[in-house]
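Note sheet for the following structure.
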Amino acid sequence: DTAVSQTPKYLVTQMGNDKSIKCEQNLGHDTMYWYKQDSKKFLKIMFSYNNKELIINETVPNRFSPKSPDKAHLNLHINSLELGDSAVYFCASSQTLGQGNSPLHFGNGTRLTVT
Amino acid sequence: AQSVAQPEDQVNVAEGNPLTVKCTYSVSGNPYLFWYVQYPNRGLQFLLKYITGDNLVKGSYGFEAEFNKSQTSFHLKKPSALVSDSALYFCAVRDETNAGKSTFGDGTTLTVKP
């Protein structure tokens, strides 16, 4: 009974390609996130959605486009992949915004390698 | 803007000894503070949180953390380390005045040697 699941777990692709990563949570949470973890293990927020509405959009290239068809799903589409996009991408969810005591629940990550 | 600092990239302790992983923070409103642990090839797992109340909070796997408002610190502690505690630890601060954004420290790798 995985709480936050991401697919695929590994993604190897060539520069210039377009790829998508899918995320689903079965925790009933209203808020979902995408985080990027680089090769030094630094973790940085990319996007956050609350009830399908975009609420955080950090300085991320326009090639990255999140989509939330419903509050249980948050997908990430990446156009024209570049070498620097290689990283581990984590999806996370939390309870309703405004409940500051709610921790994040993370998926196990998608390791993206661009060659 | 909120920020978190973990001053040590690496902490090494012997099994059975106490451990401390340091964290300091900066946030404009009330601090909501969290510790997470990451094992290899896994996502982050929640360990414990401070929202309000007692300065010493207890969490999973025998970990605890001490909130110090004057020093703006939230150090993670455990009285007796286990080899299985070896992992990457992240401190985070959540700002409800900034769309609930969680900002993470750079992480501290804890190695517990037998």
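The values are calculated or read from the model by the stated rules, or taken from the named source; none is laboratory data. As the structure is a prediction and not an experimental result, all values here were calculated from the model. Neighbour counts run over all protein chains shown; Cβ positions are idealised from the backbone, glycine included. Keep in mind that these areas ignore ligands, DNA and RNA; they rest on the heavy atoms of the full protein, side chains included. Shrake-Rupley method; radii C 1.70, N 1.55, O 1.52, S 1.80 Å.
Quick check on A:PHE90: is it open to solvent by 10 Å² or more (accessible area, probe 1.4 Å) and among the aromatic types (Phe, Trp, Tyr)? No.
Does the stretch A:98-114 contain at least one residue that is away from chain B (no Cβ under 11 Å) and in contact with a Phe, Trp or Tyr (Cβ under 9 Å, 6 or more places away or on another chain)? Yes - at least one qualifying residue is present in the stretch A:98-114.
The residue that is most open to solvent (accessible area, probe 1.4 Å), among those in the stretch A:1-29 that are among the charged types (D, E, K, R) and out of contact with any strand residue (DSSP E or B) (no Cβ under 6 Å at 6 or more places or on another chain), is A:ASP1. Has the stretch A:81-98 got any residue that is touching a residue at least 60 places away in the same chain (Cβ under 8 Å), part of a loop (DSSP other than H, G, I, E, B), touching a His at 6+ places or on another chain (Cβ under 9 Å) and not small (Gly, Ala, Ser)? Taking every residue of the stretch A:81-98 in turn, at least one turns out to be touching a residue at least 60 places away in the same chain (Cβ under 8 Å), part of a loop (DSSP other than H, G, I, E, B), touching a His at 6+ places or on another chain (Cβ under 9 Å) and not small (Gly, Ala, Ser). Is one or more of the residues making up the stretch B:73-87 away from chain A (no Cβ under 11 Å), touching a Pro at 6+ places or on another chain (Cβ under 9 Å), aromatic (Phe, Trp, Tyr) and part of a strand (DSSP E or B)? The answer is yes; a qualifying residue exists. Considering only residues in the stretch B:1-54 that are closer than 21 Å to A:ALA92 by Cβ and among the basic types (Lys, Arg), the one that is farthest from the chain's Cα centre (by Cα) turns out to be B:ARG42.
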